Amino acid sequence: MHVPVLVDEVRTLLQPERGGVFVDCTVGLGGHARMLLEGGASRLVGIDRDPDALAIATRALEAWAGRVTLVHADYRELAAVLDRLGVTTVSGVLADLGVSSMQLEAEGRGFSFRRDEPLDMRMDRTRGETAAEMLERVDESELADIIYRFGEERRSRQVAYGIVTARQQAPITTTGRLAEIVRRGVRARGWQRIDPATRTFQALRIWVNGELDGLESFIGTAASRLEAGGRLALISFHSLEDRIAKHTLRDLARGEAAIVKVLTKHPVIAGEAEAAANPRARSAKLRAAVRIG
Ligand code: SAH
């Protein structure tokens, strides 16, 4: 259902055999967390904003239940989560950004254009606004920018125009109707390698979940909570995300006030075999740093 990416590479960079507390900020279905526990982490704190993911992780990590604490939170609340648990510094932090295949494919979440269902798209359905609600109010030029930046859709203006025109007839509340509108806006002809709605759906998902908001400050918080020798690993799936990871780690490693040393001069990417077996791995980029001082 969801195959964790770059597992061996994450293990090599995070060195769970050092023991101590590891925080998986995007515990998801527990794939990486399991590796950390098997690899020697003494305790694992697993955070996820999606209660459905936490339910699956609870089962997946049952065998280590005594060493695992799962928390429903946003990783941008990392400092507060650790404070609440009485944890000051940790051995390692992992964030495997974005959505899981489980979320993309699960019924009724509204991430996929392959099914007609309510247009929700929230990773955390206990708070915030749905994609349908946000599309009701958004300004046309802002929407075009979102679709262009987060979706790299060249026909973003036509798509935004199509959405704004369609919502005057009736609110856009389903994935099926949205996909139709987008396909018309993109005016794709002939055979397409990917569905023409893919890019816009990705853009809206990133927007609805504020996926790039606060990423820089989260990375700073994570680095500041590492003990000396503690390690941080970040996996991104979008060029904008990777750029933030790269620049933030570089800033934290710069000058007199440096608190980390970057371990990955270039991002680590999946080998051929993994990329062939797991489509999600094809766009994955892993960066890591170690705490100094
Ligand atoms: N590494 C996991 C898969 C992670 S998929 C595994 O091996 O199973 C990404 C997960 O991050 C999803 O479950 C998603 O809900 C969660 N997520 C995304 N943004 C988040 C945020 N800001 N705070 C907490 N969790 C988040």
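Values quoted throughout were computed directly from the atomic coordinates according to the rules given, and no laboratory measurement underlies them. Everything numeric in this text was worked out from a predicted model, so none of it was measured. Here Cβ is always computed from backbone atoms with ideal geometry, including for glycine, and neighbour counts include all displayed protein chains.
Data overview
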read-out: More than 17 Å apart - percent of Cα-Cα pairs taken over region 169-253; value: 61
read-out: Largest to smallest principal axis extent of the C-alpha atoms in region 69-112, angstrom; value: 40, 18, 17
read-out: Stokes-Einstein D for region 194-293, Kirkwood Rh over Cα pairs, 20 °C, 1.002 mPa s (µm²/s); value: 144
read-out: Calculated [θ] (222 nm, deg cm²/dmol) that DSSP helices of n ≥ 4 give over the chain, each run adding -39,500 (n - 2.57); value: -12500 deg cm²/dmol
read-out: Beta bridge orientation in the chain: antiparallel %, DSSP, nearest 5; value: 40
read-out: Inter-probe distance in nm under a simple model that places probes 7 Å from Cα toward Cβ, at Ala228 and Asp116; value: 6.4
read-out: Gain in span if fully extended, Val3 to Lys265, counting 0.36 nm per residue against the direct Cα distance; value: 91.7 nm
read-out: Length added when fully stretched, Arg187-Asp124, from 0.36 nm per residue minus Cα-Cα; value: 19.4 nm
read-out: Fraction in percent of alpha-carbon pairs per bin - 10 Å, region 206-265; value: 21, 55, 21, 3
read-out: Segments 281-288, 23-30, 262-269, 245-252 sorted - mean Cβ within 10 Å per residue, highest first; value: 23-30, 281-288, 245-252, 262-269
read-out: Rg followed by Dmax, in Å, when region 191-239 is reduced to its Cα trace; value: 16.1, 54
read-out: Dimensionless Rg over Rh [region 7-46; C-alpha; Kirkwood]; value: 0.91
read-out: Ascending count of other beta-carbon atoms within 10 Å, so fewest first, for Glu62, Glu117; value: Glu62, Glu117
read-out: Region 64-180: Rg to Rh, with Rh as the Kirkwood radius over Cα pairs; value: 1.09
read-out: Spatial separation of Cα centroids for region 246-293 and region 121-192, in angstrom; value: 32
read-out: Additional length obtainable on full extension of the chain from Asp83 to Ala276, 0.36 nm per residue less Cα span; value: 65.3 nm
read-out: Cα coordinate range in the chain, projected on the principal axes (Å, largest first); value: 59, 42, 38
read-out: Using distinct alpha-carbon pairs, which all enter the 1/r mean, Kirkwood radius of region 113-187 in Å; value: 12.6
read-out: Two-decimal ratio, region 5-83, of alpha-carbon radius of gyration to 2.2 N^0.38 Å; value: 1.00
read-out: Square roots of 5 times each gyration tensor eigenvalue, C-alpha, region 113-259, largest first, Å; value: 36, 17, 13
